[in-house]
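Asker: Encoded as structure tokens, here's the structure I'll be asking about.
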Amino acid sequence: MIKFGGGLITNKSKMCTPDLGIIDQLVGVVVKCLDSGMKVIVVHGAGSFGHLRSKHWRLQEGLIEDIEITPQDDCKSQKMAVSIVRNEMLTLNSIIVEAFSKQGVSSITLPPHKWAKNTGSNFHGEILETFTTDKDVAITFGDVVDCDEGEFGILSGDDLVVRICQDVPNVSRLVFAIKGVDGILRRPPELATSSDLIENWSPSVEFKGVHNKEIDVTGGIGLKAHRGAEVAALGIQVLIVNGEYPDRIYRACTGLPTRGTQIFSE
């Protein structure tokens, strides 16, 4: 399983701006994995296709009665924002699907708002049935889903990967492809040197990750680390690598040594 980070595949500071070059590179890695005989599931983040509008409308908090938020030109309420963000995610997904199609790879899109309910890694949804497909690649993504409390909420791609790894048989590796850093660092990226990479991480190891709360409505690298530890507890190899280096992703997927962080449960 490969998680395309939202910040990697989009310009996270500009509304709905994909990085087409990076997307093509990532698809190329998946093609190499398929050619090597692997089966691949892709989960992708939202980046500027979800986080900016979701942050503006506080969608991660659910429905807020009598909310006072400055309307946007194309959006006047939280409920409108839910619909728009879902459509924006489908737009981003269609760009990824098209990139696969251009390289001759068939795929199926599985939007969580159509099959999942509630948030967190224990959300409700029939994973095995949903992800059983004869297509080359199954693709899903972080999404706004219906919830028992608060009407709606944001189901992070980092939560999705945990349940998929739990419920889909024979997952051997989970690779998080992120932007701008080589893995989990001991210090914030702007202060870190190459020696600050934590090559082996477990929840007892402290680090100074950066979570941009002005943009991100999920949990940043901290959530990836802790969800990765949940997956590692299943006996699945989990790595975080710099997604701007396609060869690192491929090596991680095939179990070859590469620069990055391997996550352990403890």
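The values are calculated or read from the model by the stated rules, or taken from the named source; none is laboratory data. Values in this document were obtained by computation on a predicted structure and should not be read as measured data. Note that we place each Cβ from the backbone using ideal geometry, even for glycine, and neighbour counts take in every protein chain shown.
Asker: Quick one: is VAL144 among the β-branched types (Val, Ile, Thr), under 23 Å from GLY260 (Cα atoms) and under 19 Å from the mean Cα position of the chain (by Cα)?
Answerer: So VAL144 does not fit the description; no.
Asker: Same structure again: Any residue at all in region 106-122 that is among the charged types (D, E, K, R) and within 25 Å of ILE221 (Cβ to Cβ)?
Answerer: No: zero hits.
Asker: Quick check on region 210-236: of everything there that is assigned to a helix (DSSP H, G or I) and in contact with a helix residue (DSSP H, G or I) (Cβ under 6 Å, 6 or more places away or on another chain), which residue is modelled with the lowest pLDDT?
Answerer: Among them, the one singled out is LEU223.
Asker: Hey, does region 102-117 have a residue that's farther than 26 Å from TRP57 by Cα, in contact with a Phe, Trp or Tyr (Cβ under 7 Å, 6 or more places away or on another chain), modelled with pLDDT of 95 or more and not β-branched (Val, Ile, Thr)?
Answerer: Looking for residues that are farther than 26 Å from TRP57 by Cα, in contact with a Phe, Trp or Tyr (Cβ under 7 Å, 6 or more places away or on another chain), modelled with pLDDT of 95 or more and not β-branched (Val, Ile, Thr), one finds at least one in region 102-117, hence yes.
Asker: For region 237-264, how many residues meet the condition of being surrounded by 20 or more Cβ atoms within 10 Å (Cβ to Cβ), touching a residue at least 24 places away in the same chain (Cβ under 8 Å) and assigned to a loop (DSSP other than H, G, I, E, B)?
Answerer: Counting residues in region 237-264 that are surrounded by 20 or more Cβ atoms within 10 Å (Cβ to Cβ), touching a residue at least 24 places away in the same chain (Cβ under 8 Å) and assigned to a loop (DSSP other than H, G, I, E, B) gives 2.
Asker: Hey, among SER202, SER194, which residue is without any contact (Cβ under 8 Å) to a residue 24 or more places away in the chain and of a type in the set (Gly, Ala, Ser)?
Answerer: Sole residue among the options that is without any contact (Cβ under 8 Å) to a residue 24 or more places away in the chain and of a type in the set (Gly, Ala, Ser): SER194.
Asker: Within the set of pairs 6 or more residues apart or between chains, which connect a residue that is among the basic types (Lys, Arg) inside region 31-51 to a residue that is not in a strand (DSSP E or B) with Cβ atoms less than 6 Å apart?
Answerer: Going by the 6 Å Cβ cut-off, the qualifying pairs are LYS32/TYR250.
Asker: Return yes when LEU92 is under 13 Å from PHE141 (Cα atoms), assigned to a helix (DSSP H, G or I) and under 18 Å from the mean Cα position of the chain (by Cα) and no when it is not.
Answerer: Judged against the criteria, LEU92 is a match.
Asker: Determine which member of the set ALA99, ALA81, ALA138 is free of Cβ contacts under 8 Å to residues at least 60 places away in the same chain and aliphatic (A, V, I, L, M).
Answerer: ALA81 is the lone residue from the list that is free of Cβ contacts under 8 Å to residues at least 60 places away in the same chain and aliphatic (A, V, I, L, M).
Asker: In region 1-42, what residues are under 20 Å from LYS55 (Cα atoms) and charged (D, E, K, R)?
Answerer: Of everything in region 1-42, those that are under 20 Å from LYS55 (Cα atoms) and charged (D, E, K, R) turn out to be LYS12, LYS14.
Asker: Still on this structure, I have one more. Of all the residues that make up region 57-70, how many are without any contact (Cβ under 8 Å) to a residue 40 or more places away in the chain and farther than 18 Å from SER156 by Cβ?
Answerer: 7
Asker: Do you know which residues across region 11-26 are farther than 12 Å from GLY243 by Cβ, at pLDDT 95 or above and touching a Phe, Trp or Tyr at 6+ places or on another chain (Cβ under 8 Å)?
Answerer: PRO18, the sole residue that qualifies.
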